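Single-structure report; data block below.
The values are calculated or read from the model by the stated rules, or taken from the named source; none is laboratory data. Keep in mind that what you see is a predicted model, and the values were worked out from it rather than measured. Ideal geometry is used to build each Cβ from the backbone, glycine not excepted, and the neighbour counts take in all protein chains shown.
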Number of protein chains: 4
Amino acid sequence: MSLNVGVIGTGMIGQDHIRRLTRVLSGVTVVAVNDMDQARAQAAAPAGAKVHPTPDALVADPDVQAVVICSWGPAHEEQLLACIAAGKPVFCEKPMVTSEAAALRIIEAEVAFGRRLVQVGFMRRFDADYRRLKAVIDTGTLGAPLMYYSKHRNASVPEGLYTSDMPLNDTLVHDADISRWLLSDEVTGVEVRVPRRSSRGKDLRDPVLVLLHMASGALVDVEISVNIGYGYDIRGEVSCEAGVAALPNRPAAVVTDAHGIRQAIPEDWRERFIEAYDQEFREWIVAAGQGTATGPSAWDGYAATLVADAALRAVDSGRLEAVGMIAKPALYS
Amino acid sequence: MSLNVGVIGTGMIGQDHIRRLTRVLSGVTVVAVNDMDQARAQAAAPAGAKVHPTPDALVADPDVQAVVICSWGPAHEEQLLACIAAGKPVFCEKPMVTSEAAALRIIEAEVAFGRRLVQVGFMRRFDADYRRLKAVIDTGTLGAPLMYYSKHRNASVPEGLYTSDMPLNDTLVHDADISRWLLSDEVTGVEVRVPRRSSRGKDLRDPVLVLLHMASGALVDVEISVNIGYGYDIRGEVSCEAGVAALPNRPAAVVTDAHGIRQAIPEDWRERFIEAYDQEFREWIVAAGQGTATGPSAWDGYAATLVADAALRAVDSGRLEAVGMIAKPALYS
Amino acid sequence: MSLNVGVIGTGMIGQDHIRRLTRVLSGVTVVAVNDMDQARAQAAAPAGAKVHPTPDALVADPDVQAVVICSWGPAHEEQLLACIAAGKPVFCEKPMVTSEAAALRIIEAEVAFGRRLVQVGFMRRFDADYRRLKAVIDTGTLGAPLMYYSKHRNASVPEGLYTSDMPLNDTLVHDADISRWLLSDEVTGVEVRVPRRSSRGKDLRDPVLVLLHMASGALVDVEISVNIGYGYDIRGEVSCEAGVAALPNRPAAVVTDAHGIRQAIPEDWRERFIEAYDQEFREWIVAAGQGTATGPSAWDGYAATLVADAALRAVDSGRLEAVGMIAKPALYS
Amino acid sequence: MSLNVGVIGTGMIGQDHIRRLTRVLSGVTVVAVNDMDQARAQAAAPAGAKVHPTPDALVADPDVQAVVICSWGPAHEEQLLACIAAGKPVFCEKPMVTSEAAALRIIEAEVAFGRRLVQVGFMRRFDADYRRLKAVIDTGTLGAPLMYYSKHRNASVPEGLYTSDMPLNDTLVHDADISRWLLSDEVTGVEVRVPRRSSRGKDLRDPVLVLLHMASGALVDVEISVNIGYGYDIRGEVSCEAGVAALPNRPAAVVTDAHGIRQAIPEDWRERFIEAYDQEFREWIVAAGQGTATGPSAWDGYAATLVADAALRAVDSGRLEAVGMIAKPALYS
C-alpha cells in the first residue's frame, strides 16, 4: 500500500527529498530516479530503485505511480505535461514554469484531464506557524484582513552570483503565495519601492519594499532583505478590522545572560522550514495515493509567475503594474 | 528658583497641563492663565494665579517667565509671535500652526531673535520606549536604518465628527515626527495608499498606508488605523542593515488564563503616553528656566505641517508628493 | 528493511502507538498484537498483523523483531523479562514497573544480557523545546546549573477517580526524569510541601511543591497543579551560575484583540507532546533496528520508581526522604 | 503649601533622596539636614537648608514638618521614637530597626500616639509592574493565590565585604515584604535550603532557596542569587487556583541581531527601581502633608525583622522556623 514514486532531478534538493521519502516519511517508496547526470542519478538512487535514462522513461514506467520534479525550472513544463498526459500525480518544485504562457499550458492540460494532478512546492503553507495564523484569521473573530506585512529577511547571498532581480523573481513568490493563501485572495497589482540600499551587498538592489494590491482591496506590504547577516528571519502580521495576528517567535530556549533575555533566530531556510517540507510531502503522499493533489496547485504556480513578472515590470516603471489572470477554472475552486 | 508659567487655553488639555505643572512636577509655578472663556479660565486657575483677559496681556505680564499654549490651532501663530517678540520661552501644543506660510513666519521670527524659544508638543520623543529604541539605533551597531515601520492603531473615533482627512492631518504628524527623530532624517516625499476599508467606521477612509521617503533614501511605512476597537496600540520597528530594533510590549502583567498567556494593551493615548507628557514638561521647565528650548522645535513643527499637506495631496493624486523644505537655518542644527 | 514490531496492550495508548507506527513513521511495520481482551486486540490489529493469545506468544513469535508494551503497569515486569530473555528490543510505557525490587530485577536481567534492550516512555526527552534547553545548558556557557524549576500544570482531573497520591506517583516521574536528564544528575533526596489547597479539586492535595535534592547539590523545585482549568501548561527554567535558560512559550499565533496581546496555551498533554511521541518512536525504531535501545533506560525507570516512592514517604513524614540507588552498572554509563 | 522636610543621614542614599526631593518631585522642600559627619551634611544641604548638629535638633526644629531617616540601622530606633514623640511623619529607610524588641517599641509608641506616622522604605510596593501584578490578583478572577515565586538575582557583590548572612538579613526582606503585600497575607514560618554553591562567589552561601509559609497556607518560593554577573534580574510569578500572573520583561527595545531576538536586563537596582523610588516619595509627601503615612508601616518593618531573624535561624537548624507576631493593632488594619 506504499506509494511508488519516481524522482526527476537528483541535485541538492532532489537528494534531500529522496532522503525525506526514504528515511523520514511512511507510506512511500522511491522506485525510480532520473537526472541529466547519469552518475549523479546512480549515486542518489536508493537501493532497489531504477535509474531511467530520460524523464519520459521515468514517467512512462508502470511501476511509478507518482512523480517528484526537482530538475531546473526550464525543464518543468515538458515534464509536467508528460505527467498529466500519463495521468500521474506530480509534485513540482518552484518555479512551476518560467513563463505565463507555459503556466497556461499546464492549466489547460490539467483542466482537460479533469482532475488535479499537479502540486507546486510552496512549503510555507505546511508550516505549523502559518497554519495557526491562518486558522485565527479564518475564524473571522478579528474581522476582515486589511493589511498583511510579510518580512523576508535572509542572512546572506553569494556576492556576484546573486542579482538584483532575484528577490523579485525567486523570493517574492513565497510572500505572494502565502499572502494569497492566508487572505484567501488574489493579487491584482504590484508596486515596488527601493529604499536606501544596504551597504552589505555591494551593487545589490536590497532591500526592496513590495506592495501587493489584492482583489478584496487588502494591501500586502512585503520587505525583502537578503543580506541581513544575523540569520533567517521570517515574520508575518495580519492587521484585521478588529485585531491583529502575527507569527510567533521561533521556539528557541529563552536564555538570559549578558546579551539580555533572548531567543535564537534560525540560521537559514533549512532550519526554519524543515518540518514544513516534511509535512508538505506527508500530505502529498496521501493525496497522490488517491490519484490527485490537494496542496498548492497549477493555478497557484500561475499566480506566482504573474506576480514575479509584474514585480519586475514595476521596479522598472515605478508604477502599479496590473496582474491580469484568466477566469479561474472550476477545477481550482 | 521656580519657573513662573502662564497658560493660554484652559480646555481639556490646558487643564491637564495645569494639573501636571502644579501637582506632578517640581521647579515650576502656574502664575497666570487665559482663555477665551473667562469663566473657564477662572475655574482652571490655581490658587494665587492671575486670570488675564487676553493672550497678549498674559504674555506681557512681567511675572510670566514662560508660556504654555493650549488654545486652538488657528490662534497659535499670533500667540507664538507674541512670545518670541517678548523673548519668552514657549511650549506650544500641536499643531504648531495651520499653514506652511505661518510656520515660516515663526521660523523667521525665532531666527531673527537668535535663540530657540519655541517647543512643539511632540511628546513621543520623551517616551522611554522610543528613547531606548533611538539609543539602540544611534549606537550604530545595527548599521544604517533602511526601513521604519510605524503602526498607529487607535481604538475608536467619534462617528460623524471624525473625517477621513484627520488621520493624515492630525495623526500622521506623530509618525512623521518620530520617524524624523529616530532616523535623524528629513521627509522628502509622501505617498498614500488606501487599503480595503474597515467596516467598523462607515464612510471613513480607514486604514491608510503612508510611505515617507526620507532624504537618506530610507523608507518609512506607516499604518494608521483609527477604529480597531481593542485598544490603543502603537508599534515601531526599525529595519537596519545588520539587525532590527522594535518597541517592546507595554509593561503589563503577564497573565495566563483561559485567554492564553497575555499582556493587556493600553486603552487610549492617555494611558500610553502619560509618563511621556510628564517628561516632556520636566525637560521643558529646565530649558525654559535657562531662557531657551531644547525639545521639538519650530523647524519640527514646520516639517510636520509640510508632511500633512503633502499627504493630503497624495491621497488625491495617488502619486508621490514632494516635500520641499527651505534650507535649514543654523539655529536648528 | 522495515522493523517488525509486536504491540502488547491495545487500549487507548496502545491504539495511538499503532496509529503512529503504521501511519506516521517510516521503517516500521506492526506485525503482531496482543491484549487481555481478544476482541479489542482484533479490532486494533492492522491489516496483515497476527493476534496472539498471550504476551509470551507475541514475544516468542520469530516474525516479531521488537516489542512495544502498553499493557497496565503490574504486567510490565513479566513482559519485559520475557523480551530480555528473547534478546528483543522493547519499548515500555510508564511506569516501567511498580516496585523497586521489580526495577532491580529488570536491571539485573538486562545487565546479564549485556546490551541495552529496554527503553522507557519518558517522551519529554524527545521534545524539541526540552532538547534546545538541554543544548544550551550543555554548552556550559551559563556555568553549572544550580536550580531547576519545573512547573507541571494540568487542566483538570476526573473528580473521584483521581487521588491525592497520583501527582506524586504518576506525574512527578516526568519532572524527575527530565530534571535528571537536563542536569545530567541523580536525585538523592525528596521533600514535599503542601500549600493551600485549590478549591477547584475538592478533597485533593493540590498543588504540591516537591524539592528534589540532586547529587551535585543542585535543587529541583517542582510545582504540580492538576486542576488549573485554563490548559496544560508546562514550564521549565534552569538557574545557572552565570545565566538562566527556560522553555519558550509554545509557538501559537500572537493575537492582539480585546484580551490583550496573547498566545494560546495547549489544551492537554496530547497537543503539547504529540511531536515528542513521534520523535520518541522515530529514534526507537532506529536503535531497535540495530538490536538495542538508546532512549531512557531501565536505570531511568528505576530512578523514577525510587523518586515516586520517596515522595510518597516525604508527604507523610514532612521530612527529607533519601533516595538510595545501587551503584550504577557500566551498561548505563 | 510645600512640605518642609528634614533629612537625617546624608550618605549615598541620603544624597540621592535629597536630589529627588529637590529636583524631581513637587510640593516638597528640604529645609534641614543632619549627619554624624558635619562636613558631609554641609555639602549635601540644598541652598537655604539648615544643618543641625544632632538628629534630635532636626526633629525638634519647628520648621521641619516631616523627617526622612537615612542614617545607619542601629540609629533608627531612637530617631523614629523622637519623630513619633514630636508627632511628625517620618520616612525611614530599611531596616526599620535591627531587633524584634526595637520594632515592638516603635509599634507601641505609634499605637500610643494613635495615628500612623512611620513609613518604611519598601519601594517595590510603588513599582508599576508589581502594582499591575497585584491589581490582577486582587480582581480575584484567577482565584486564590497558592504559590508565589520570587527570584532575586543580583549581578555581583563585593568579595570579602559581603557575607553569607546578608542575603537573608538584607535582601530577603524585600521578597518577604512584597509577598505579604501581593498576597495580603502574613508569614508564619520560614525554611531555607542551600543548593550547590555558585563558583562565582568563593566562600559565599549563594544561591539560597527560602520557603515562606503564609497564614493562608500559600507558599512563597524565593530564590536569592547575588553573583549572577549578567545583570539585576527580578522576577515574580503568582500561581493561583485558575491562572498565573507574572511580572513582565522590563520595557527594553526588542533588538534582533546575531545574539537573537532580545531585550536588555537592567544593570542594577538603581536602574530597575528608580521610578519606584520617585513614586514612593511622591505618595509619602501627600500623606505626610496630611500628618500621617499610608505606605509600608511599622508593622511591615516589624514583620520584615521577624522573617529575617527566622531565616537566619532556619539556615542553621535546617528546619521550619516559626514567625510569631503579636496580635495586629487596629492601627495597622
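Taking residue B:141, is it within 21 Å of the chain's Cα centre (by Cα) and hydroxyl-bearing (Ser, Thr, Tyr)?
no
Yes/no matrix, rows are residues, columns are (1) closer than 21 Å to residue D:192 by Cα; (2) touching a residue at least 60 places away in the same chain (Cβ under 8 Å):
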{"site": "D:249", "(1), (2)": "no, no"}
{"site": "D:264", "(1), (2)": "no, no"}
{"site": "D:268", "(1), (2)": "no, yes"}
{"site": "D:275", "(1), (2)": "no, yes"}
{"site": "D:281", "(1), (2)": "no, yes"}
{"site": "D:284", "(1), (2)": "no, yes"}
{"site": "D:309", "(1), (2)": "yes, yes"}
{"site": "D:314", "(1), (2)": "yes, yes"}
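For the condition surrounded by 23 or more Cβ atoms within 10 Å (Cβ to Cβ), within 14 Å of chain D (Cβ to nearest Cβ) and of a type outside the set (S, T, N, Q), what is the one hit in C:220, C:194?
Testing whether each residue is surrounded by 23 or more Cβ atoms within 10 Å (Cβ to Cβ), within 14 Å of chain D (Cβ to nearest Cβ) and of a type outside the set (S, T, N, Q) leaves just C:220.
Go over the candidates D:104, D:133, D:161 one by one and state the one that is buried (at least 20 other Cβ atoms within 10 Å of the Cβ) and of a type outside the set (Ser, Thr, Tyr).
D:133
Between residues in region B:60-76 that are small (Gly, Ala, Ser) and residues that are part of a loop (DSSP other than H, G, I, E, B) and surrounded by 19 or more Cβ atoms within 10 Å (Cβ to Cβ), which pairs lie under 7 Å by C-beta distance while being six or more apart or on different chains?
B:66/B:88; B:66/B:89; B:71/B:9; B:73/B:95
Taking the criterion of being without any contact (Cβ under 8 Å) to a residue 24 or more places away in the chain and not in a helix (DSSP H, G or I), would at least one residue in region A:290-300 satisfy it?
Yes, because at least one residue in region A:290-300 is without any contact (Cβ under 8 Å) to a residue 24 or more places away in the chain and not in a helix (DSSP H, G or I).
Picking from B:84, B:107, B:69, which residue would you name as being at pLDDT 95 or above, within 23 Å of the chain's Cα centre (by Cα) and under 30 Å from residue D:29 (Cα atoms)?
After ruling out the rest, the residue left standing is B:69.
Could we say that residue B:244 is facing another protein chain (nearest Cβ under 7 Å) and surrounded by 17 or more Cβ atoms within 10 Å (Cβ to Cβ) here?
Judged against the criteria, residue B:244 is a match.
Let me confirm something: among B:159, B:93, which residue is among the charged types (D, E, K, R) and not assigned by TED's automatic domain parsing to the domain that holds residue B:212?
B:93
Collect the residues in region A:1-27 that are in a strand (DSSP E or B) and either at pLDDT below 95 or of a type in the set (Asp, Glu) (or both), keeping them in residue-number order.
Scanning region A:1-27 gives a single hit, A:25.
Taking into account only those residues within region D:277-314 that are closer than 17 Å to residue D:127 by Cα and of a type in the set (Phe, Trp, Tyr), which is nearest to the chain's Cα centre (by Cα)?
Per the criteria, the residue is D:277.
Quick check on region C:32-43: of everything there that is aliphatic (A, V, I, L, M) and surrounded by fewer than 22 Cβ atoms within 10 Å (Cβ to Cβ), which residue is nearest to the other protein chains (Cβ to nearest Cβ)?
Per the stated criteria, the residue is C:43.
In this structure, does residue A:235 turn out to be surrounded by fewer than 24 Cβ atoms within 10 Å (Cβ to Cβ), in contact with a Gly (Cβ under 9 Å, 6 or more places away or on another chain) and within 20 Å of residue D:260 (Cα to Cα)?
Here the answer is no, as residue A:235 does not meet what is asked.
Quick grid of which residues meet (1) within 11 Å of chain B (Cβ to nearest Cβ); (2) under 23 Å from the mean Cα position of the chain (by Cα):
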site: A:200; (1), (2): yes, no
site: A:205; (1), (2): no, yes
site: A:226; (1), (2): no, yes
site: A:230; (1), (2): yes, no
site: A:233; (1), (2): yes, yes
site: A:239; (1), (2): yes, no
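Please give the number of the condition residue C:180 fails out of (1) within 13 Å of another protein chain (Cβ to nearest Cβ); (2) closer than 17 Å to residue C:147 by Cβ.
(1)
Tell me, which helices (runs of 4 or more DSSP H) wholly within region D:48-161 include 1 or more residues that are within 14 Å of chain B (Cβ to nearest Cβ) and among the β-branched types (Val, Ile, Thr)?
D:128-139
Only strands (runs of 3 or more DSSP E) wholly contained in region D:178-236 count here; list those with 2 or more residues that are in contact (Cβ under 8 Å) with a residue 40 or more places away in the chain and closer than 21 Å to residue D:249 by Cα.
D:219-225
When you scan region A:255-274, do you find a residue that is polar (S, T, N, Q), buried (at least 24 other Cβ atoms within 10 Å of the Cβ) and over 15 Å from the mean Cα position of the chain (by Cα), even just one?
Checking region A:255-274: at least one residue is polar (S, T, N, Q), buried (at least 24 other Cβ atoms within 10 Å of the Cβ) and over 15 Å from the mean Cα position of the chain (by Cα).
Could you say whether any residue in region D:80-91 is in contact with a Ser or Thr (Cβ under 7 Å, 6 or more places away or on another chain), over 30 Å from residue C:208 (Cα atoms) and crowded, with 24+ Cβ neighbours inside 10 Å?
Yes; the residues of region D:80-91 include at least one that is in contact with a Ser or Thr (Cβ under 7 Å, 6 or more places away or on another chain), over 30 Å from residue C:208 (Cα atoms) and crowded, with 24+ Cβ neighbours inside 10 Å.
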